[in-house]
Amino acid sequence: MIGLGRLQKAEIHWPLGFFGTQRSVLGGLQSVTDLSQVQNRVMMVMYPQGVLKQFLEVCFFVVALATTNRLVKMILESQRPDMVAAAKGLVPEYREILLFSLKYMAVMALFGGVLLLAIFVLTQENFRELAFSNGFATVCGLVAEACLAWLLVPSAIRLLRCKGSQTVSTLDRQTGTIFAVAASAVGFGLDFPVGKAESTSVLDNQWERDAITIANSVILNTPQILLFIALALLAMQTSDEGTSIPGVPEMDWSGQLLDWVRRARKWRGSSS
């Protein structure tokens, strides 16, 4: 993703040079004087590239989710985790991965429109101070994450399950949403100290700045890793039989997490 961002920044120089110059009647090139026209033409080229970049980033995360699911299955079946085999196993599922990525993009676009409308309302003079406060932004982010998870968790579970098991219960949906909101909350908590540490670092070499950025991205995405593992374990639950995964007793960490999921499901079932 960092590489795609660098590539996009490099590519912006080409349309700027192409639309910013024109051939003179006397021969040679001269700069275009209408800068607004140049900017409009450049943005017409850059907007599709930005959408494509965003779609590729979503695809990367979906592939990571599906790969994590296969690695978790290998571990629970007492096999040696094989990243190459897990990635190759996704090839027959490329259509499902692309469809889920498109669905994710569509839901994000819908929420983006609602967010823009909310920002327009909240940036009025009466609400401006509230709208730009950190606490309000965090609460709104968690609420948005809960809505997104509620809509997308069933599709994510169906993606990770076998093709024959398409039913996703309400408890599965609720549990997946809780995991997603918890991961988002932890991510919000990590964002401030990591961002502050990165902004205060004074580095001269570009490779050092890239290394810091990559290391910080690993830290910030750690909650997503745990979320992917939780969704993988949740996808292995059968809708009627509860938990039945061979090899779970041999793995203490996964057994404890599965036991937590099972207790949460029973608690929610009894409370409802």
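Step by step: first the residues of segment 58-107, then only those that are small (Gly, Ala, Ser) and surrounded by fewer than 18 Cβ atoms within 10 Å (Cβ to Cβ), then the one that is farthest from residue 158 (Cα to Cα). Which residue is that? The qualifying residue farthest from residue 158 (Cα to Cα) is 78. Applying a threshold of 9 Å to beta carbon distances and a minimum spacing of six or more residues, or different chains, the list of pairs starting in segment 218-237 at a residue that is more than 21 Å from residue 195 (Cα to Cα) and ending at one that is among the hydroxyl-bearing types (Ser, Thr, Tyr) and not in a helix (DSSP H, G or I) reads 233/243; 235/165; 236/243; 236/244; 237/169; 237/243; 237/244.
Name the residues in segment 191-217 that are touching a residue at least 60 places away in the same chain (Cβ under 8 Å) and of a type in the set (Lys, Arg), would you?
none
Would you mind finding the one in 235, 183 that is at pLDDT 75 or above and in contact with a Lys or Arg (Cβ under 6 Å, 6 or more places away or on another chain)? Of the residues listed, the single one that is at pLDDT 75 or above and in contact with a Lys or Arg (Cβ under 6 Å, 6 or more places away or on another chain) is 235. Could you check, for segment 18-36, whether at least one of its residues is under 30 Å from residue 138 (Cα atoms), assigned to a helix (DSSP H, G or I) and either at pLDDT below 75 or among the acidic types (Asp, Glu) (or both)? No, every residue in segment 18-36 fails to be under 30 Å from residue 138 (Cα atoms), assigned to a helix (DSSP H, G or I) and either at pLDDT below 75 or among the acidic types (Asp, Glu) (or both).
Being at pLDDT below 90, among the hydrophobic types (A, V, I, L, M, F, W, C) and more than 24 Å from residue 171 (Cα to Cα) holds for only one residue in 142, 110, and it is 110. Among the criteria (1) exposed (fewer than 11 other Cβ atoms within 10 Å of the Cβ); (2) within 30 Å of residue 235 (Cα to Cα); (3) not β-branched (Val, Ile, Thr), the one residue 204 does not fulfil is (2).
The values are calculated or read from the model by the stated rules, or taken from the named source; none is laboratory data. Since the structure is predicted, the reported quantities are computational estimates derived from the model, not experimental observations. Cβ: placed from backbone, ideal geometry, glycine included. Neighbour counts: every protein chain shown.
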